[in-house]
1. When you go through Arg65, Arg23, Arg32 one by one, which is the residue that is part of a helix (DSSP H, G or I) and basic (Lys, Arg)?
2. Does Ser77 qualify as being modelled with pLDDT of 95 or more and open to solvent by less than 70 Å² (accessible area, probe 1.4 Å)?
3. If His64 meets every condition in (1) modelled with pLDDT of 95 or more; (2) at negative phi; (3) open to solvent by 100 Å² or more (accessible area, probe 1.4 Å) apart from one, which number is that one?
4. Quick check on this structure: which one of Glu46, Glu50 is part of a helix (DSSP H, G or I), open to solvent by less than 70 Å² (accessible area, probe 1.4 Å) and within 18 Å of Ser20 (Cβ to Cβ)?
5. I'd like to check something: does region 56-67 contain any residue that is under 16 Å from the mean Cα position of the chain (by Cα) and closer than 20 Å to Ser14 by Cβ?
6. Output the number of residues of region 1-43 satisfying the condition of being open to solvent by 100 Å² or more (accessible area, probe 1.4 Å) and either at pLDDT 95 or above or charged (D, E, K, R) (or both).
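The values are calculated or read from the model by the stated rules, or taken from the named source; none is laboratory data. Bear in mind that the values here come from a model prediction, so they are computed numbers and not experimental data. Cβ: placed from backbone, ideal geometry, glycine included. Neighbour counts: every protein chain shown. We work out accessible area using only protein heavy atoms, side chains counted, and drop any ligands, DNA or RNA first. Shrake-Rupley method; radii C 1.70, N 1.55, O 1.52, S 1.80 Å.
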Amino acid sequence: MNQELVKLSVNMGSEIALASTHRIIKKFGAERVSDSAADELRKILELLGENISRQAVELAFHAHRKTIKPEDIILASKNFIK
């Protein structure tokens, strides 16, 4: 299978671009970043984002709101970021 097709099939379910994770890692001093390292960071960030989002939705639902507000995200993130 063509390598480009393999990369496309891996990226199809991702909400965060691989290039974005490359930039994040380089921003903190890395000269070179492998695709696999950037992909691992992307997976972790997506999992963290999903968990925070899920909890923020529960907080808004509990407050009888359909709209997720910044305070929902902030409050939900406190459970995951120390």
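1. Values: Arg65 fails: part of a helix (DSSP H, G or I); Arg32 fails: part of a helix (DSSP H, G or I).
Selected residue: Arg23, the only one of Arg65, Arg23, Arg32 that is part of a helix (DSSP H, G or I) and basic (Lys, Arg).
2. On the way: modelled with pLDDT of 95 or more: yes; open to solvent by less than 70 Å² (accessible area, probe 1.4 Å): yes.
Considered against the rule, which asks whether it is modelled with pLDDT of 95 or more and open to solvent by less than 70 Å² (accessible area, probe 1.4 Å), Ser77 comes out as yes.
3. (2)
4. On the way: Glu50 fails: open to solvent by less than 70 Å² (accessible area, probe 1.4 Å).
One residue alone meets the criteria, Glu46.
5. Filtering region 56-67 down to residues under 16 Å from the mean Cα position of the chain (by Cα) leaves 56.
Then drop every residue that is not closer than 20 Å to Ser14 by Cβ, which leaves none.
No, every residue in region 56-67 fails to be under 16 Å from the mean Cα position of the chain (by Cα) and closer than 20 Å to Ser14 by Cβ.
6. Within region 1-43, the subset open to solvent by 100 Å² or more (accessible area, probe 1.4 Å) is 1, 3-4, 7-8, 12, 15, 23, 26-28, 31-32, 43.
Going one step further and asking which of them are either at pLDDT 95 or above or charged (D, E, K, R) (or both), we end up with 4, 7, 15, 23, 26-28, 31-32, 43.
Qualifying residue count, region 1-43: 10.
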